Amino acid sequence: MLGTISSIVKAFSSLLLKKDQNFPPAAMERYSDAIPGSITILSLPGTDEDRQLLEDVSRRYNWQMSFASTTDEARESLRRAKPQIILIDRKIDGEDWRYAVSSLAAASSGACVLLMSQVTDDYLWNEVVTNGGFDVLRKPLTESEILRNVKLAWSYWNGTRPSAGVVRK
């Protein structure tokens, strides 16, 4: 019985993690309507292709996107931009992603840190969360995955910040 349940869960998980899982255009339009345009994102992309796609998506949805090449440069940007979301590539040149995730999560004012990685398993997700991150964004990047992850992170960020005039304990 346990083996049957395990195989069903694995089959379902593999469907969710399909490489080319894109929404049909009509569904993408409905989905993107729910994404706010006032999102500020700081990104440390690993490749020029990732940077270009992130620029294109941010322009299309009117997000404020800024880029950094190193964790130190990103920390400086945090003071100016105050992003709600931080995207960090797992393969940052000369830096350990764990350090980047933990230091930027600690330096930000509650931003959701997403690690961009070709590996997306439970072990990596647990490591990201342990280091102060929020989630893993699967690579190669696609517009639908960027939208899904940014919407989820923004919704979490928006739901956890104190409301005006309300004191949370």
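The values are calculated or read from the model by the stated rules, or taken from the named source; none is laboratory data. Nothing here was measured: the structure is a model prediction, and the numbers come from that model. Neighbour counts are summed over all protein chains in view; Cβ atoms, including those assigned to glycine, are modelled from backbone coordinates with ideal geometry.
Elements of the type helices (runs of 4 or more DSSP H) sitting completely within the range 64-169 and holding at least 1 residues that are touching a residue at least 40 places away in the same chain (Cβ under 8 Å): these cover 71-81, 97-107, 143-160.
Scanning the range 74-90 for residues that are surrounded by 14 or more Cβ atoms within 10 Å (Cβ to Cβ) and more than 12 Å from residue 41 (Cα to Cα) yields 75, 89, 90.
Taking residue 102 as the residue in question, decide whether it is in contact with a Gly (Cβ under 8 Å, 6 or more places away or on another chain), at pLDDT 95 or above and of a type in the set (Gly, Ala, Ser). It is true that residue 102 is in contact with a Gly (Cβ under 8 Å, 6 or more places away or on another chain), at pLDDT 95 or above and of a type in the set (Gly, Ala, Ser). The residue list 120, 142, 40 contains one member that is surrounded by fewer than 20 Cβ atoms within 10 Å (Cβ to Cβ), under 22 Å from residue 159 (Cα atoms) and of a type in the set (S, T, N, Q), which is 40. Name the single residue, out of those in the range 129-138 being within 11 Å of the chain's Cα centre (by Cα) and either under 15 Å from residue 57 (Cα atoms) or not acidic (Asp, Glu) (or both), that is surrounded by the fewest Cβ atoms within 10 Å (Cβ to Cβ). For the range 129-138, the residue satisfying everything is 138. For the range 27-45, a tally of residues being more than 14 Å from the chain's Cα centre (by Cα) and either at pLDDT 95 or above or not aliphatic (A, V, I, L, M) (or both) returns 8.
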